[in-house]
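Encoded as structure tokens, the structure appears first; notes follow it.
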Amino acid sequence: MTIDDFDFKDKKALIRVDFNVPLNDAFEVTDTNRIEAAKPTIIKILEDGGSAVLMSHLGRPKGKAQPELSLSHIVDTVSEIIGVEVKFVPDCIGDQVEKAVSELESGKILLLENLRFYDEEEAGDKAFAEKLSHWGDIYVNDAFGTAHRPHASTTVVASFFPGKKCFGYLLANEIKAIETVMETGEKPVTAILGGAKVSSKITIIENILDKIDHLIIGGGMTYTFVKAQGGSVGDSICEPDKTDLALSILEKARQKGVSVHLPVDVVAADAFDNDANTRVMAVDAIEDGWQGLDAGPRTLELFRKVILESKTILWNGPVGVFEMPSFAQGTIAIGNDIAEATASGAFSLVGGGDSVAAVKQFGFDSKVSYVSTGGGAMLESLEGRTLPGIAAIQDQ
Ligand code: AMP
């Protein structure tokens with residue numbers, strides 16, 4: 001059942017949102033994306049004539065109340081973004097909450113205090129989840145960022161709402177974007193995987209080999225593949241104990257008919273430093289004392305050709321050390337190519353960790369089809385795991 005199958009008139013929706021937003025020293029919200037992302041779900045419920053009880057975590061208080069991690073800091077920002085007054089209650093269970101919930105009128109919003117002030121939240125405690133369940137008639141999960149956690153508010157609470165639970169629009173959109181890449185997307189499907197290490201991406205690669213036509217490998221992962229094939233990688237980041245794994249990935253890809261595209265040249269530097277001396281070198285002939293920190297010009301041309309021919313694109317991980325401007329050009333070029341392919345009708349999903357930071361930093365977020373809001377949750381989805389928060393809604 002989707003959220004549109006429910007009429008929230010005179011109903012209280014208990015909504016798990018992900019308002020784990022960054023705060024500055026003055027406790028102001030410095031990035032409002034996650035609040036904006038939850039807006040369509042909240043508005044739908046209020047416009048139906050229902051009310052919304054919002055619950056979230058903020059930071060890692062580890063089971064203790066910490067004033068600096070109180071969700072009271074974000075009340076005004078949520079009010080401004082949703083355009084409705086938000087009431088706050090300084091707890092998430094207990095008598096005060098019971099009173100505030102019973103007084104909540106249709107069209108109004110109540111924000112509960114940080115769930116992680118209780119150990120029971122992360123422990124997935126059933127009794128705690130049951131207490132939370134009293135605050136709504138229908139449970140709506142719209143927190144993709146925590147959907148991979150079997151916590152009380154993200155997973156366990158759903159069991160108290162048989163037939164009365166659904167995904168919010170944000171979570172539904174995340175699921176749809178992943179399904180497009182993994183199942184329904186038009187061919188050719190291309191995955192661009194970068195980032196620092198093969199070891200952190202291996203499960204993703206193994207899972208997606210059945211679903212893609214092209215695999216572009218970039219970033220620090222490159223050098224383990226190059227070394228595995230007998231190349232010299234100089235001082236580049238490399239996992240020598242993973243070379244057998246790299247070879248087995250290449251063999252599996254060959255068996256499955258997936259074309260693998262590795263860099264042919266790199267921008268090498270004589271130090272891990274933005275101001276280091278740089279030279280373009282062949283990827284398999286990097287001299288000692290030099291390390292590859294970005295994709296080279298010939299590589300970018302090759303990658304561009306593949307990207308522009310793709311109809312479905314997944315991007316996870318930068319192709320260089322994009323945090324340093326001298327080594328950001330490759331990542332910017334890939335972003336531009338994906339934006340161009342998207343403008344010509346391809347579906348593009350960017351997700352998981354640093355690639356999201358990169359697309360935002362370089363302004364590509366509005367030029368790709370979908371930017372995921374969940375780092376770890378997206379990585380686990382790409383690994384083919386069933387996320388507990390999603391399964392809990394699907395089990396009716
Ligand atoms: P990940 O979280 O695995 O996606 O890795 C992202 C990190 O990989 C970023 O912080 C990049 O700076 C880093 N990275 C990308 N390319 C390289 C490279 N050639 N050498 C070292 N680090 C890299």
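Here are some notes:
- Test: residue in segment 218-227 that is within 16 Å of the ligand (Cβ to nearest atom), on the phi > 0 side of the Ramachandran plot, small (Gly, Ala, Ser) and more than 25 Å from the chain's Cα centre (by Cα): no
- Among helices (runs of 4 or more DSSP H) entirely within segment 99-210, having at least 3 residues that are under 20 Å from Ser355 (Cβ atoms) singles out 169-179, 202-208.
- For the condition in contact with a strand residue (DSSP E or B) (Cβ under 6 Å, 6 or more places away or on another chain) and within 23 Å of Lys360 (Cα to Cα), Gly292 does not qualify.
- Within the option set Thr154, Thr77, being surrounded by 20 or more Cβ atoms within 10 Å (Cβ to Cβ) and outside the structural domain of Gly376 (by TED's automatic domain parsing) holds for one residue only, Thr154.
- Evaluated against (1) open to solvent by 20 Å² or more (accessible area, probe 1.4 Å); (2) touching a His at 6+ places or on another chain (Cβ under 8 Å); (3) β-branched (Val, Ile, Thr), Val101 falls short on exactly one condition, (1).
- All conditions but one from (1) within 19 Å of Gly145 (Cα to Cα); (2) modelled with pLDDT under 95; (3) open to solvent by less than 10 Å² (accessible area, probe 1.4 Å) apply to Leu171; the one that does not is (2).
- Hey, Lys64 within 26 Å of Lys11 (Cα to Cα), open to solvent by 60 Å² or more (accessible area, probe 1.4 Å), in the same structural domain as Phe160 (by TED's automatic domain parsing) and in contact (Cβ under 8 Å) with a residue 24 or more places away in the chain or not: no
- Positions within segment 345-369 being in a helix (DSSP H, G or I) and within 11 Å of the ligand (Cβ to nearest atom), in sequence order: Asp354, Ser355, Val356, Ala357, Ala358
- Pair list, Cβ < 9 Å and 6+ apart or interchain, from segment 22-33 residues that are closer than 11 Å to Leu71 by Cα to residues that are at pLDDT below 95 and in a loop (DSSP other than H, G, I, E, B): Leu23/Thr30; Val29/Val21; Val29/Pro22
- Scanning segment 201-217 for residues that are away from the ligand (no atom under 13 Å from the Cβ) and under 18 Å from the mean Cα position of the chain (by Cα) gives Asn207, Ile208.
- Failed condition for Val198, given (1) among the aliphatic types (A, V, I, L, M); (2) away from the ligand (no atom under 12 Å from the Cβ); (3) surrounded by 15 or more Cβ atoms within 10 Å (Cβ to Cβ); (4) free of Cβ contacts under 8 Å to residues at least 60 places away in the same chain: (2)
- No other residue among Ala392, Ala358, Ala333 is touching a helix residue (DSSP H, G or I) at 6+ places or on another chain (Cβ under 6 Å) and crowded, with 24+ Cβ neighbours inside 10 Å apart from Ala358.
- Count - residues of segment 224-255 that are closer than 23 Å to Leu382 by Cα, open to solvent by less than 40 Å² (accessible area, probe 1.4 Å) and not polar (S, T, N, Q): 6
- Considering only residues in segment 201-223 that are open to solvent by 10 Å² or more (accessible area, probe 1.4 Å) and β-branched (Val, Ile, Thr), the one that is farthest from Trp290 (Cα to Cα) turns out to be Ile212.
- Restricting segment 307-319 to residues that are within 13 Å of Thr342 (Cα to Cα) and either in contact with a Pro (Cβ under 9 Å, 6 or more places away or on another chain) or in a helix (DSSP H, G or I) (or both), the residue that is nearest to the ligand (Cβ to nearest atom): Ile307
- One residue alone among Thr342, Thr331 is within 24 Å of Ala37 (Cα to Cα) and part of a helix (DSSP H, G or I), and that residue is Thr342.
- Restricting attention to segment 256-273, the residues that are open to solvent by 50 Å² or more (accessible area, probe 1.4 Å) and in a loop (DSSP other than H, G, I, E, B) total 4.
The values are calculated or read from the model by the stated rules, or taken from the named source; none is laboratory data. This structure is a prediction, so every number in the text was calculated from the model and none was measured. Note that we place each Cβ from the backbone using ideal geometry, even for glycine, and neighbour counts take in every protein chain shown. Note: accessible area is taken over every heavy atom of the protein model, side chains too, but ligands, DNA and RNA are not part of it. Shrake-Rupley method; radii C 1.70, N 1.55, O 1.52, S 1.80 Å.
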